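Visitor: I have a structure I would like to understand better, so I am pasting it below and will then ask my questions one at a time.
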Amino acid sequence: MNLGIVGAGKVGATIATLLESCEFCERVALADARAGIDLAGLKKARAQVVDVTRSEALAGFVRTVDAVVSAAPYYLNKSIAGACAAAGVSYFDLTEDVATTNHIRRLAAGARGVFMPQCGLAPGAINIVGGSLAASLDKVRVCEMRVGALPLNASNQMKYYLSWSTAGLINEYCQVGEALHQGRQITTMPLDGVERITIDGTEYEAFNTSGGVATMCETFAGRVQELTYKTLRYPGHRDLMKFLLHDLNLAPRQELVTQIFDQEVPLTESDVVVFYVSVVGNDATGGLKQRSFIKKMRGDVVHGRKLNAIQLTTAAGIAGVLELHARGRLAAGFVKQESVPLDDFLATQWGGKVYGS
């Protein structure tokens, strides 16, 4: 399979790095507006300068590959997915933006290829795990999904350093989310729903953000009583973000906040991804059970390239579903993350290596 990646930034290059050792992948073409992309040590990958804001250039790139992964900013995904639909090419992305996902769902109606947005870590692997644990019980009272990409150490007031897309981070802090309450879908306000959680002796705060629940509210409405997704941070972070975005009314000016963060908040390569799913419900015998999937994941060196934790976990999530696509395990049209069985995902090369035991 020849794969195209739009966006050769840290995540795009990391996906290419993981695909280097995948037998199902023959070639990786990375499209980026910049020249001089560093792909040292990657024999399958080639970079080319493509301005994806020009429809002709984007369409020409899409026609050269069997499937496209968008690792571009979320606001470019609608046009990239549209080019894939027109060319009959399968499409995958990493977006947490709900409006973008809904647009892609409409494009996927009747499409020849697979259209699977919201891949990666959260949304992505968290929904595969949460969906599989919820489906393993007959009646589910609670499904809690919590994920945090955190610095191993932070000395600033926010107790946070950047490790992934700033635009995506600010967007999920500003947009409303979704949850299930008493089996019915509700809207959640960003930065609300604060709770404390202790994992391996470390205390975290969790609060509502958008996008991480993906399509699970639709899938499990009436089947799960309480379903929530929240972002994990070190205690105190949420209060500062609420002051910045709400009290100072900067939420409508996401581009400005993104610019400030990119200029003033350090980027760290020493991070950890905290991954927590807990489900409570009744099994086939009627007994009340609690099932969980909890991991702390760090970075690694792959093909001589140092990958931080958020890069590795995000790229492993999408590499896993790409392998399932290559095996013919994904149906054409719109594919939900929770439709992927956890055992299938963990049987893939990178899904198993990063998320497996």
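The values are calculated or read from the model by the stated rules, or taken from the named source; none is laboratory data. All values reported here derive from a predicted model rather than from experimental measurement. Methodologically, a virtual Cβ is constructed for each residue, glycine included, from the backbone with ideal geometry; neighbour enumeration extends over all protein chains shown. Accessible surface is based on the protein model in full, side chains and every heavy atom, while ligands, DNA and RNA are left aside. Shrake-Rupley method; radii C 1.70, N 1.55, O 1.52, S 1.80 Å.
Visitor: Go through K306, K295 for me and flag whichever is open to solvent by 10 Å² or more (accessible area, probe 1.4 Å), modelled with pLDDT under 95, more than 15 Å from M116 (Cβ to Cβ) and over 14 Å from the mean Cα position of the chain (by Cα). Spell out the reasoning first.
Guide: Numbers: K295 fails: modelled with pLDDT under 95.
Just one listed residue meets the conditions, K306.
Visitor: With R223, R233 as the choices, which residue is open to solvent by 40 Å² or more (accessible area, probe 1.4 Å), at negative phi and modelled with pLDDT of 95 or more?
Guide: It is R223.
Visitor: Just a yes or no: is a residue in region 86-93 buried (at least 24 other Cβ atoms within 10 Å of the Cβ), at pLDDT below 95 and under 17 Å from S339 (Cα atoms)?
Guide: So far as region 86-93 goes, no, none of its residues is buried (at least 24 other Cβ atoms within 10 Å of the Cβ), at pLDDT below 95 and under 17 Å from S339 (Cα atoms).
Visitor: Of all residues in region 53-71, which are of a type in the set (S, T, N, Q) and assigned to a loop (DSSP other than H, G, I, E, B)?
Guide: Applying the first criterion (of a type in the set (S, T, N, Q)) to region 53-71 yields 53, 55, 64, 70.
Hits for region 53-71 are T53, T64.
Visitor: Still on this structure: Taking into account only those residues within region 309-334 that are touching a Lys or Arg at 6+ places or on another chain (Cβ under 7 Å) and surrounded by fewer than 21 Cβ atoms within 10 Å (Cβ to Cβ), which is farthest from G7 (Cα to Cα)?
Guide: Among those that are touching a Lys or Arg at 6+ places or on another chain (Cβ under 7 Å) and surrounded by fewer than 21 Cβ atoms within 10 Å (Cβ to Cβ), it is A332.
Visitor: How many of the residues in region 63-95 are of a type in the set (K, R) and within 20 Å of G212 (Cα to Cα)?
Guide: Residues meeting the conditions: 1.
Visitor: Another one. Starting from region 267-283, keep only residues that are surrounded by 17 or more Cβ atoms within 10 Å (Cβ to Cβ), then list their pairs with residues that are of a type in the set (F, W, Y) and in a strand (DSSP E or B) whose Cβ atoms are within a distance under 8 Å, requiring at least 6 positions of separation or different chains.
Guide: From residues that are surrounded by 17 or more Cβ atoms within 10 Å (Cβ to Cβ), the pairs are V274/Y204; F275/F293; Y276/F293; V277/F293.
Visitor: Next question, about the same structure. C143 passes all but one of (1) under 25 Å from V354 (Cα atoms); (2) over 20 Å from the mean Cα position of the chain (by Cα); (3) assigned to a strand (DSSP E or B); which number fails?
Guide: The number of the failed condition is (2).
Visitor: What are the residues in region 181-193 that are open to solvent by 70 Å² or more (accessible area, probe 1.4 Å) and part of a loop (DSSP other than H, G, I, E, B), if any?
Guide: Q182, M189
Residue-by-condition table, conditions (1) out of contact with any strand residue (DSSP E or B) (no Cβ under 8 Å at 6 or more places or on another chain); (2) in a loop (DSSP other than H, G, I, E, B); (3) of a type in the set (D, E):
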| site | (1), (2), (3) |
| --- | --- |
| I5 | no, no, no |
| V11 | yes, no, no |
| T17 | no, no, no |
| C25 | no, yes, no |
| A29 | no, no, no |
| I37 | no, yes, no |
| L42 | no, yes, no |
| Q48 | no, no, no |
| D51 | yes, yes, yes |
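Visitor: Which one is nearest to the chain's Cα centre (by Cα), of the residues in region 338-357 that are part of a helix (DSSP H, G or I) and polar (S, T, N, Q)?
Guide: S339
Visitor: Across region 14-43, what is the number of residues that are buried (at least 22 other Cβ atoms within 10 Å of the Cβ), of a type in the set (G, A, S) and touching a helix residue (DSSP H, G or I) at 6+ places or on another chain (Cβ under 8 Å)?
Guide: Selection size over region 14-43: 1.
Visitor: Right, next: Tell me whether region 7-14 contains one or more residues that are touching a Ser or Thr at 6+ places or on another chain (Cβ under 6 Å), at pLDDT 95 or above and of a type in the set (A, V, I, L, M, F, W, C). Talk me through it step by step, then tell me what you get.
Guide: Going through region 7-14, the residues touching a Ser or Thr at 6+ places or on another chain (Cβ under 6 Å) turn out to be 11.
If we keep only those that are at pLDDT 95 or above as well, we get none.
No - not one qualifying residue is present in region 7-14.
Visitor: Take the residues of region 142-166 that are open to solvent by 40 Å² or more (accessible area, probe 1.4 Å) and among the charged types (D, E, K, R): which is farthest from A214 (Cα to Cα)?
Guide: This residue is K159.
Visitor: Identify the single condition in (1) over 22 Å from T188 (Cβ atoms); (2) open to solvent by less than 10 Å² (accessible area, probe 1.4 Å) that G124 does not satisfy, given that it satisfies every other one.
Guide: The number of the failed condition is (1).
Visitor: Looking at (1) in contact with a helix residue (DSSP H, G or I) (Cβ under 8 Å, 6 or more places away or on another chain); (2) farther than 18 Å from R146 by Cβ, which is the one condition that is false for L240?
Guide: Tallying (1) in contact with a helix residue (DSSP H, G or I) (Cβ under 8 Å, 6 or more places away or on another chain); (2) farther than 18 Å from R146 by Cβ, L240 fails exactly one: (1).
Visitor: Could you list, in sequence order, all residues of region 266-292 that are closer than 19 Å to Y160 by Cα, at pLDDT below 95 and not polar (S, T, N, Q)?
Guide: P266, L267, E269, listed by residue number.
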